[in-house]
1. Checking THR98 against (1) farther than 23 Å from PHE174 by Cα; (2) touching a Leu at 6+ places or on another chain (Cβ under 7 Å); (3) polar (S, T, N, Q); (4) at pLDDT 90 or above, which single condition isn't satisfied?
2. Counting just the residues of the stretch 37-49 that are in a helix (DSSP H, G or I) and either small (Gly, Ala, Ser) or touching a residue at least 60 places away in the same chain (Cβ under 8 Å) (or both), which one comes out nearest to ARG169 (Cα to Cα)?
3. Which residues, taken from the stretch 1-25, are closer than 30 Å to ALA52 by Cβ, among the β-branched types (Val, Ile, Thr) and part of a helix (DSSP H, G or I)?
4. Considering each residue of the stretch 243-255, count those that are part of a helix (DSSP H, G or I) and more than 22 Å from ILE149 (Cα to Cα), and give that number.
5. Of the residues GLU140, GLU163, only one is acidic (Asp, Glu) and either assigned to a loop (DSSP other than H, G, I, E, B) or in contact (Cβ under 8 Å) with a residue 40 or more places away in the chain (or both); which?
6. State whether one or more residues within the stretch 169-191 are assigned to a loop (DSSP other than H, G, I, E, B), charged (D, E, K, R) and within 26 Å of LEU70 (Cα to Cα).
7. Picking from MET107, MET119, which residue would you name as being in contact with a Phe, Trp or Tyr (Cβ under 7 Å, 6 or more places away or on another chain), surrounded by 17 or more Cβ atoms within 10 Å (Cβ to Cβ) and assigned to a helix (DSSP H, G or I)?
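The values are calculated or read from the model by the stated rules, or taken from the named source; none is laboratory data. Keep in mind it's a predicted model, so treat the numbers as computed, not measured. So basically every Cβ, Gly included, is an ideal-geometry build from the backbone, and we count neighbours across all protein chains shown.
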Amino acid sequence: MKKSFKQWATLIAICMAGGTIFKLAYLRDVFYVAMQEAFGFTNTQFGLMMTAFAVTQFIAYLPGGWITDLVPVKYLIPVSLISTGLCGFWLATYPPFTSVLIIQAVMGITITLLFWEAMIKGTRMIGTAEEQGRMFGLLEGGRGLFATIISFAALWMFTNFGEGRMGLRATMIFYAIALCGLGVVCFFLIEKNDVEGKVNAKEALDGLVHVAKLPRVWVAGGIVFFGYSFYNGLSYFSSYLTEICGMSVSMGVAV
């Protein structure tokens, strides 16, 4: 795959963005105990937080693909990253529970409606038709790599600021700054292609309806749905290690 330096830099930036943007929304996955102590929320309230996030995600997925056909990726990805980062700054003020629900709902929109399918399209635009498998393999591998790197960087922030309320705030601010910085970088790296912004909105919507009628689409969706249902169960692994196995909060987060 002979690519220019800018094309590789764009792919790396998209991988970094994809590995970072979910961290704030799923903060409780690894900092469950710390968040419970800092915010004073019950387990039920944590469940409602993720419900608020999941509901807006569910609503945003279908129109997300349609919007990505109409608005250039160059604008969608930076706006999604920066707006998610701003939500992180708000979350770091330890707002009341109602505000946290609003933050989670907004991130469901910024991540799913604006970012997710734009990330997929942005990756597709970098490679030729023959390179799509490799490009998406690099995307998924790169997202995993950068997600691990930034998670350990966040853990370093958490431990160095005391592992409590201040440590959690430092972690949220760290993620927020990283997202805003990546938003600026992506804006300057991602290029528009010739057809972006010129798609007929009605034709795009008709295509969406046509695809939704295909049985194999629902079968594929079901496979992903059940896979992610199991995956999301791992959200409670950190708290299990801490509360049941007796590990420290830092060790539970690291695992």
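1. Unmet for THR98, out of (1) farther than 23 Å from PHE174 by Cα; (2) touching a Leu at 6+ places or on another chain (Cβ under 7 Å); (3) polar (S, T, N, Q); (4) at pLDDT 90 or above: (2).
2. Taking the stretch 37-49 as the starting set, the residues that turn out to be in a helix (DSSP H, G or I) are 37-39, 43-49.
Narrowing further to those that are either small (Gly, Ala, Ser) or touching a residue at least 60 places away in the same chain (Cβ under 8 Å) (or both): 37-39, 47.
On the way: GLU37: 12, ALA38: 9, PHE39: 11, GLY47: 21 Å.
Out of the qualifying residues, it is ALA38.
3. Correct list: ILE14, THR20.
4. Of the stretch 243-255, the ones part of a helix (DSSP H, G or I) are 243, 249-254.
From the residues that got through so far, the ones that are more than 22 Å from ILE149 (Cα to Cα) too are 243.
Total satisfying the criteria: 1.
5. Numbers: GLU140 fails: either assigned to a loop (DSSP other than H, G, I, E, B) or in contact (Cβ under 8 Å) with a residue 40 or more places away in the chain (or both).
Checking each option against the conditions leaves just GLU163.
6. Yes, there is a match, as at least one residue in the stretch 169-191 is assigned to a loop (DSSP other than H, G, I, E, B), charged (D, E, K, R) and within 26 Å of LEU70 (Cα to Cα).
7. MET107
Okay, residues lined up against (1) at negative phi; (2) of a type in the set (Val, Ile, Thr); (3) surrounded by fewer than 20 Cβ atoms within 10 Å (Cβ to Cβ):
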| position | (1), (2), (3) |
| --- | --- |
| GLN36 | yes, no, yes |
| THR44 | yes, yes, yes |
| GLY47 | yes, no, yes |
| GLY64 | yes, no, no |
| ASP69 | yes, no, no |
| TYR75 | yes, no, yes |
| SER80 | yes, no, no |
